[in-house]
1. So which of Leu73, Leu88 ends up being out of contact with any Lys or Arg (no Cβ under 7 Å at 6 or more places or on another chain), surrounded by 15 or more Cβ atoms within 10 Å (Cβ to Cβ), among the hydrophobic types (A, V, I, L, M, F, W, C) and not in a helix (DSSP H, G or I)?
2. With respect to Asp114, is the statement that it is crowded, with 17+ Cβ neighbours inside 10 Å and out of contact with any strand residue (DSSP E or B) (no Cβ under 6 Å at 6 or more places or on another chain) true?
3. Inspect region 297-316 for any residue being at pLDDT 85 or above, farther than 18 Å from Thr420 by Cβ and either within 52 Å of the chain's Cα centre (by Cα) or loosely packed, with under 10 Cβ neighbours inside 10 Å (or both) and give the result as yes or no.
4. Say whether the condition of being part of a loop (DSSP other than H, G, I, E, B) and either over 27 Å from Glu189 (Cβ atoms) or modelled with pLDDT of 85 or more (or both) is met by at least one residue in region 123-131.
5. Are any residues in region 9-43 under 21 Å from Phe65 (Cα atoms), touching a Lys or Arg at 6+ places or on another chain (Cβ under 6 Å) and in a strand (DSSP E or B), and if so, which ones?
6. Does at least one position in region 251-261 carry a residue that is assigned to a strand (DSSP E or B), under 30 Å from Asp159 (Cα atoms) and not hydrophobic (A, V, I, L, M, F, W, C)?
7. Identify the residue in region 378-388 that is of a type in the set (Val, Ile, Thr) and touching a residue at least 12 places away in the same chain (Cβ under 8 Å) and, among all such residues, is nearest to Glu367 (Cα to Cα).
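The values are calculated or read from the model by the stated rules, or taken from the named source; none is laboratory data. Because the structure is predicted, anything quoted here is derived from the model rather than measured. All Cβ positions, even for glycine, are placed from backbone atoms using ideal geometry, and neighbour counts span all protein chains on display.
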Amino acid sequence: MQSTSSPSVKVFLVADDEDDYKLIQALLSKSTIANYSLEREPSFESALSRMNGFAHDIYLVDCHFGEKNGLELIMTMVGKGCRKPIILLTGQGSYELDVLAIKTGAPDYLDKADLKAPVLDRAIRHAMERKRVESAIAGAKKQWEYTFDAMPDLIMIVDRQYRLRRVNKAMAERLGTQPGRLIGKACYEVVHGLDSPPEFCPHAQLLKQGVQQFIEMYEKNLGGYFSVSVSPYYDEQSRLVGSILVARDINIFKTLEEKFHSMNKQLEGLVAAQSRELRAKTAGIEEMNTALKVLLRQREQDRNDVEESVAANIRGALIPFIRRLKNTVLNKNQVAYLDTIESRLKEIASPLLKELFQNKLGLTPTEAQIVSLLREGKTSKEIAQTLNVSINTVKFHRMNLRRKLGLNGRNNNLRAKLETVCKSMILPCLFPTLFLSLQDLVPTTLTLYL
């Protein structure tokens, strides 16, 4: 008894025997698994006209009816695009009939003599399930083929004898042909134009090592540079039967790489040129720096020489004459002028002499002060009072001065030695202008003493 919740199955019977029709109808009505609805046509032509679009779920075809037989009808149905399951009904089954049924498109046949409700029900369900699986497999195969051909990478499947078993559309287009025309040909022949595999062949390496291979190659026949991966391909018994080769076009990356190397070389050239220029400038600066150092040292030496000469001339050549002028007959204005000149000259000479003695004789600042006071005729006691130090301190510095000036005996006068040192550095030629000024001040007397 059929249930209302069971799936509905539309069955189409092609049989000219009324008894066969009633038998099939009775057997289907006993099913508890599906709700069957049965339609029937007795002839070849009427059956084909009713099958327009093949809207039924399954077709039962009698092996013999009228002048036509069921195998011819099945072949016609398949030729018109029928994808629904077909079961052949026969009065006597045999191996030959089984083979013919499968070849014509009917995956199963039933012997009407052994036909029972459970047998018919199971046969219908199995035929429908088998067709569903076949359709799923066909759909997956079609989807795989579509994906295989839609891939932009160049793909080919190669067997152990280097024969092409499958080639995608992208690979065939690079080789200027159709995929079907490449099947069975040697890969090294169609890809590289060689009579044998090249030394770098990744497929050969895979067959030897049994592991995936990667290479980067240039192939003129394919149009440039490619990154190639070759993966092992196994059969149902896990035996290595070939490889799947995928080649990716990397021409754009190679072009960018070449541009990068070119720019890098240009940059290195610019850096090298700049470095050479910088080194040349640095060398020039170093030479100038060396010359400037020499000039600065010479300038410092010249300045010291001038200062020494100025101080010595003021102390040794000018001051004595000014003092002699003071002992002549002068009016008050002339005396005042001479006092001012002497004072100013002493002010000028004092720092010059101080620096002179410090630089040339290696005197300390205190020793330089004592030298100036000694040359003015001061005694040790007067010097101690002036500098606010003890007499012993002054004596200590006087001993150091004698040692530095090379005066070992007590008979050698320290003040006389100091005057000799100063006079040895006098440059009278540096003071003609000053002499002329003094001559203008007191012309007769100055001329007399000069």
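1. On the way: Leu73 fails: not in a helix (DSSP H, G or I).
Criteria check complete, one pass: Leu88.
2. no
3. no
4. The initial filter retains those residues of region 123-131 that are part of a loop (DSSP other than H, G, I, E, B), namely none.
No - not one qualifying residue is present in region 123-131.
5. Scanning region 9-43 gives Leu13, Glu41.
6. For region 251-261, residues assigned to a strand (DSSP E or B), under 30 Å from Asp159 (Cα atoms) and not hydrophobic (A, V, I, L, M, F, W, C): absent.
7. If we filter region 378-388 for residues that are of a type in the set (Val, Ile, Thr), which is where we start, we get 379, 383, 386.
Subset that is touching a residue at least 12 places away in the same chain (Cβ under 8 Å): 383, 386.
Details: Ile383: 11, Thr386: 13 Å.
Only one residue tops the list, namely Ile383.
Yes/no per residue for (1) touching a residue at least 60 places away in the same chain (Cβ under 8 Å); (2) among the aromatic types (Phe, Trp, Tyr); (3) over 30 Å from Leu88 (Cβ atoms):
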{"residue": "Arg130", "(1), (2), (3)": "no, no, no"}
{"residue": "Ser135", "(1), (2), (3)": "no, no, no"}
{"residue": "Phe148", "(1), (2), (3)": "no, yes, yes"}
{"residue": "Asp153", "(1), (2), (3)": "yes, no, yes"}
{"residue": "Glu173", "(1), (2), (3)": "no, no, yes"}
{"residue": "Gln178", "(1), (2), (3)": "no, no, yes"}
{"residue": "Lys185", "(1), (2), (3)": "no, no, yes"}
{"residue": "Val190", "(1), (2), (3)": "no, no, yes"}
{"residue": "Pro198", "(1), (2), (3)": "no, no, yes"}
